[in-house]
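**Student:** Structure below; questions to follow.
Every read-out reported here was derived from the displayed coordinates using simple, explicitly stated rules and does not represent laboratory data. All values reported here derive from a predicted model rather than from experimental measurement. All Cβ positions, even for glycine, are placed from backbone atoms using ideal geometry, and neighbour counts span all protein chains on display.
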Amino acid sequence: MLLPPPFVLHRNSQAQRSQNARAGRAKPRQGRLAARLRIEPLEDRMAPAGLVAYWPAEGNANDVVGGHNGVLLNGLYGPGFQGTDRAFLLNGSNGYVRVPDAPAWNFGANAFTISLWAKFSGLKRDDIGHPQAVFIGHDEGGGNTNKWFFGYGGGALNFQTNIPSAGAAFLAVAPFSPVLGKWYNLVVSHSGGAYGIFVNGVLASAVRTPLAVPDASAPLTIGQAEGLGFMNGSIDDVKIWNQAFTTSAVKASPNPAEVGHAVTFTATVSVNPLGTDTPTGMVVFKDGTHVLGMGTLNSVGQATFSTASLAIGTHAIRAVYGGNASFIASTSIAYVQTVNALTAAAARVALETSATNDAALSGAPAPLPVAQERLPGTHRAAANSLGVFRPTGANAPGVDAFFATQEHGARRPAVLASKPAVRASIDDAWNSFFG
């Protein structure tokens, strides 16, 4: 049984007002009204587990999760990726965000994910060693110093590290050709000994390496690193997690399906395929906003759920992975499942069975020598639930009208009025067979 979320009573906070604005809610009035008490779900004001820093760029450079507040230098705030929010608007020459150093981004060999949205306003000549855009970085300066940054140069996205004893490394190099004025969700993640870069939720490149991320004693920067790669464009919704990035997908069999027949949905939760980690936990299957059921991920990161209760029509099915301490939650794109009325062949078998059962009840010879057992179990259960036929020796429950006399000694089944599409399908099959 689904229970409502816990609720809390609290005053508006700056972080919540920022989140409300991003969700399209009206901002509270300033002054005494802004401090009035509200009731809202607890989960609406709690950061997801594993999210250690989040800069939404809503008119300031504050970290609304970890309190690692920064300052925007030589930049402005422009439209964000959602269209109704704000973003860091950088000039490509000296604009960037500076955040005081903190242990939250001393990743070492641990799992981490950095996610952000980027839009280019202009492009210039560059190479991979002199990138035209650094989205985020942590460096002690140019040359052979401790540093890491996520950037774009030489026609490719990459995650660069430099350890003085080992030198520079360009990891998970992913060819990339951005369109000016278009927003892209860019992600770099490390887990299970592998680094991966994702563009709009799709893995673009991955590499397996034992290299760890060096710790730099320096500020975190958004929009440039070591005085290079000043971003010409916008950066929005910068997030740092101490968990592995996941993607979810769902498919079904069969598709299309017939009403009353079982459909099995399979969700697959994936991480970097070159890594050694496998996601664990639960997946919720949804039809729109309606919860169909849940499944547990197995040893290959898959969960299944079966149902025969889908109505005729199309259904937008999503798999929602809740994540855990090691893996970020993710939701699949909608998978369209089609459910059709019973085919003429299936309806005809059910009708033949109905006639045989009716004859058995009356003691008359069976007009159609078809036994109920000929109907497959799934068909038989579905037909029973819809009142298509009566089990041998007893009336089927829930049928509002039973049979109307037809020629050939057979009798016509009546389907519940709440199933008009199924009834029409059976009527057509009946008329075709006995007409």
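**Student:** Just to be sure I follow: if Rg is taken over the C-alpha atoms of segment 97-194 and Rh is the Kirkwood radius over the same atoms, what is Rg/Rh? Intermediate results must be reported in sequence, preceding the final value.
**Tutor:** On the way: Rg = 13.7 Å, Rh = 14.4 Å.
For segment 97-194, the value is 0.95.
**Student:** Work from the charge dipole of segment 171-321 (Cβ charges, +1 for Lys and Arg, -1 for Asp and Glu, about the Cα centre) and give the residue of VAL283, PRO256, VAL187 farthest towards its positive end.
**Tutor:** In segment 171-321, that residue is PRO256.
**Student:** Could you put SER93, SER330, SER121 in order, starting from the residue whose Cβ has the fewest other Cβ atoms within 10 Å? Please list the in-between numbers first.
**Tutor:** Working: SER93 9, SER330 21, SER121 15.
Ascending number of Cβ neighbours within 10 Å: SER93, SER121, SER330.
**Student:** Label 7 Å along Cα→Cβ of THR331; segment 289-319 residues with amide nitrogen under 15 Å?
**Tutor:** Residues passing the 15 Å test: 289-292, 316-319.
**Student:** A follow-up question, please. Quick one: net charge of ALA319's neighbours, Cβ under 12 Å, K/R +1, D/E -1? Let's see the in-between values first.
**Tutor:** Details: positive: LYS251, LYS286, ARG318; negative: ASP287.
Once positives and negatives cancel, what remains is +2.
**Student:** Still on this structure: Rank-order 297-306, 276-285 by packing density, defined as the average count of other C-beta atoms within 10 Å over each peptide's residues, highest first. Please list the in-between numbers first.
**Tutor:** Working: 297-306: 15.9, 276-285: 19.0.
The peptides rank, most packed first, as 276-285, 297-306.
**Student:** Which order do the peptides 101-110, 310-319 take when ranked by the mean count of other beta-carbon atoms within 10 Å per residue, highest first? Show your work: numbers first, answer last.
**Tutor:** Numbers: 101-110: 15.2, 310-319: 17.4.
Put in order of decreasing packing, that is 310-319, 101-110.
**Student:** Another question, if that's okay. With a Förster radius of 30 Å, plug the Cβ-Cβ distance of VAL291 and ASN340 into 1/(1 + (r/R0)^6) and report the FRET value to the nearest 0.05. Mind showing how you got there, number by number?
**Tutor:** Numbers: r = 24 Å, r/R0 = 0.79.
It comes out at approximately 0.80.
**Student:** Filter LYS239/LYS286; LYS124/LYS239; LYS251/LYS286 down to the pairs with a C-alpha to C-alpha distance above 19 Å, please. Could you put the intermediate results ahead of the total?
**Tutor:** Values: LYS239/LYS286 27 Å; LYS124/LYS239 27 Å; LYS251/LYS286 12 Å.
Beyond 19 Å: LYS239/LYS286; LYS124/LYS239.
**Student:** A further question follows. Sorted by mean Cβ packing within 10 Å, highest first, what order do the peptides 214-224, 57-67, 169-179 take? Intermediate values should be presented prior to the final figure.
**Tutor:** Details: 214-224: 21.8, 57-67: 19.5, 169-179: 16.8.
By packing density, highest mean first, the sequence is 214-224, 57-67, 169-179.
**Student:** Against the 2.2 N^0.38 Å scaling, with N counting residues, where does segment 47-241 land? I'd like the Cα-based Rg ratio to two decimal places. Present the calculation step by step, with values, prior to reporting the outcome.
**Tutor:** On the way: Rg = 15.1 Å, N = 195, 2.2 N^0.38 = 16.3 Å.
Cα Rg divided by the expected 2.2 N^0.38 Å: 0.92.
**Student:** Any chance you could get the radius of gyration and Dmax over the Cα atoms of segment 58-142, in Å?
**Tutor:** So, for segment 58-142, Rg and Dmax equal 14.2, 38 Å respectively.
**Student:** Additional query: Using only alpha carbons, build the gyration tensor for segment 247-340 and give me the equivalent ellipsoid semi-axes, biggest first, whole Å.
**Tutor:** On the way: eigenvalues 130, 27, 23 Å².
Ellipsoid half-lengths, sorted descending, are 25, 12, 11 Å.
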